[in-house]
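Here's the structure, in structure tokens; my notes come after.
The values are calculated or read from the model by the stated rules, or taken from the named source; none is laboratory data. Computed from a predicted model, the values in this text were never measured in an experiment. Heads up, the Cβs are rebuilt from the backbone with ideal geometry, glycines too, and the neighbour counts pull from every protein chain shown.
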Amino acid sequence: MCERICEQRRRDGLHGLAIQYGPVGDVGVFEGSDQMLQFASFRKQRINSCCDVLDKLLTIKQPIVTSYVKVDQTKGESGGRQKRMIKELWRALGIDPDNTPNNLTLGEIGIESMFAVELQQELEREWNMKVTLNQVKSITIGMLKDYEAGRIGEIKKHLDDVKRARANLLKMKFLISTETHTRLNSVQKGVPVYILPPIEVNFAGMEELAQKINRPVIGLNWTREVSQLTSLKEVSEYYVKLLKRLEPKGPYDVLGYFDGAIICSKLLRKQMVAKAVIVDVINDSRFREDCHSDDDLLEMLLLFMSKEIPGSFKEKIQREIKKEPDMKAKVKFIINEIVDFAGKGLVATDMEEMFHIMIARIRMLSEYRLNKRKKFSNRLKLAIAKKWAKKTGKLVFIKPFRFDSVEDIEGFMDMSRDMYFLPANDDNNENILLEPIDNGTQYDMAATIITDKIVDAFK
């Protein structure tokens with residue numbers, strides 16, 4: 001307020017001067033103590049120095065001026081400025097880095113704003129890039145240990161991941177559509193491709209993919225009407241009816257993953273589509289239990305959000321939500337953390353409702369699979385083979401996973417077939433094309449290697 005008054009007085013031709021002094025050593029909170037300044041890039045200014053510079057400052061025409069004593073950064077320990085700064089940070093935080101878990105973040109420990117600003121400025125000088133205080137608070141103890149030892153790569157990678165994740169989050173609009181479908185590109189000619197609703201509920205993560213497909217691409221939205229349905233069978237029937245209304249004569253192709261992949265295979269068996277492309281992002285081990293705890297469901301939700309948030313941030317959320325009493329409170333906590341992480345500009349109007357929809361869809365798919373597995377016998381396998389032996393369209397089955405994490409790739413792909421109740425490999429069904437992809441981020445549908453394979457399938 002004082003600064004604005006001084007600026008206005010200067011514009012009016014009157015005198016006005018606001019002096020912003022740094023820490024003053026002889027009075028106030030800094031008198032007789034250096035503890036709060038151990039990590040700062042400035043030192044206490046004596047009161048006589050403040051008075052000496054006052055005469056000079058009064059002659060300056062600018063309405064706002066600053067006076068402080070800056071530390072000589074060329075002096076310090078032999079390890080350089082980085083090592084000195086991190087050692088002072090350990091003292092300021094009051095922790096022993098050797099006995100502190102590497103995955104704890106500065107925000108969890110409770111870094112003072114002054115120290116956070118100093119680290120922020122140091123990192124900005126180091127890489128000539130903008131670093132926010134929230135990004136500083138997301139840095140872990142392990143990253144700081146590496147930084148102290150001269151290994152700056154981990155912090156740099158983390159800050160790049162945070163920047164990229166924040167940009168991805170800001171692209172997403174957490175709004176539930178009121179329309180049944182949305183056109184995702186401007187192509188008018190060709191056989192249309194319909195995309196079943198992503199687990200994230202909106203199509204923000206698929207916009208780039210849609211632009212690469214040289215055919216009309218339409219997204220089938222998950223609306224509040226669909227949210228009233230209580231089983232995957234009912235959801236499947238809803239989209240079957242919707243597609244019959246949108247494309248009564250055909251032809252058209254479909255793309256889906258997670259629960260959408262189940263619906264795609266049903267559309268093929270009903271001979272409604274010429275080609276279905278499904279991407280298997282399901283980890284089979286997560287759907288073998290008879291029930292899922294709240295923590296299991298939330299872990300899967302965070303897995304699907306993992307491309308939008310860095311690993312250290314996700315791990316922090318997983319530690320903290322255990323303190324919350326119930327599912328509603330845990331979801332609320334996750335939302336608050338993501339909103340705080342993304343900062344201004346995030347459209348989060350329906351985020352809480354969308355997260356509960358995601359959890360409901362995970363639960364529905366799990367229940368559907370468990371019910372099917374109870375009936376999954378040799379007789380059912382034979383019935384599946386007969387159904388697929390009839391005239392059906394083409395199924396392209398894309399399975400991303402790390403090849404070096406699997407001993408028997410062929411056996412692993414057979415397990416994936418079972419996930420979607422597809423005929424076995426020895427049934428020699430020529431309408432099914434398996435496409436294993438060596439990729440570590442199986443949950444990221446926007447990964448280039450996955451999108452390229454999808455685009456090739458629709459050429």
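Residues in the range 127-148 that are in a loop (DSSP other than H, G, I, E, B) and either modelled with pLDDT under 85 or among the β-branched types (V, I, T) (or both): N128, M129, K130, V131, T132, I139. Using the structure shown, decide if L297 is crowded, with 22+ Cβ neighbours inside 10 Å, within 26 Å of the chain's Cα centre (by Cα) and either at pLDDT 85 or above or part of a helix (DSSP H, G or I) (or both). So L297 does not fit the description; no. Flag: D326 does not match the condition of being in contact (Cβ under 8 Å) with a residue 40 or more places away in the chain, over 29 Å from Y420 (Cα atoms), among the charged types (D, E, K, R) and loosely packed, with under 15 Cβ neighbours inside 10 Å.
The set of residues in the range 213-244 being β-branched (V, I, T) and in a helix (DSSP H, G or I) consists of V226, V235, V240. Residues of the range 93-103 include at least one that is assigned to a helix (DSSP H, G or I), touching a Lys or Arg at 6+ places or on another chain (Cβ under 8 Å) and either at pLDDT below 85 or not basic (K, R) (or both). Is it the case, given these coordinates, that A165 is surrounded by 15 or more Cβ atoms within 10 Å (Cβ to Cβ), of a type in the set (A, V, I, L, M, F, W, C) and assigned by TED's automatic domain parsing to the domain that holds I109? Taking the combined requirement at face value, the residue satisfies it. Filtered by the rule that a residue be among the hydrophobic types (A, V, I, L, M, F, W, C) and in a loop (DSSP other than H, G, I, E, B), the range 245-259 gives a lone residue, F258. Within the range 236-247, being over 16 Å from N371 (Cα atoms) and touching a residue at least 24 places away in the same chain (Cβ under 8 Å) holds for Y239, V240, L242, L243, K244, L246, E247. Filter the range 382-404 down to the residues that are modelled with pLDDT under 60 and farther than 15 Å from F421 by Cα and list them by number. Answer for the range 382-404, where residues must be modelled with pLDDT under 60 and farther than 15 Å from F421 by Cα: just K391. Any residue at all in the range 104-118 that's modelled with pLDDT of 85 or more, among the charged types (D, E, K, R) and assigned to a helix (DSSP H, G or I)? Yes: one or more hits. Residues that are modelled with pLDDT of 75 or more, small (G, A, S) and part of a loop (DSSP other than H, G, I, E, B) are absent from the range 51-69 altogether. Residues in the range 192-212 that are in a loop (DSSP other than H, G, I, E, B) and either under 23 Å from the mean Cα position of the chain (by Cα) or modelled with pLDDT under 95 (or both): L196, P197, P198, I199, E200, V201, N202, F203. The set of residues in the range 338-362 being charged (D, E, K, R) and at pLDDT below 90 consists of D340, K344.
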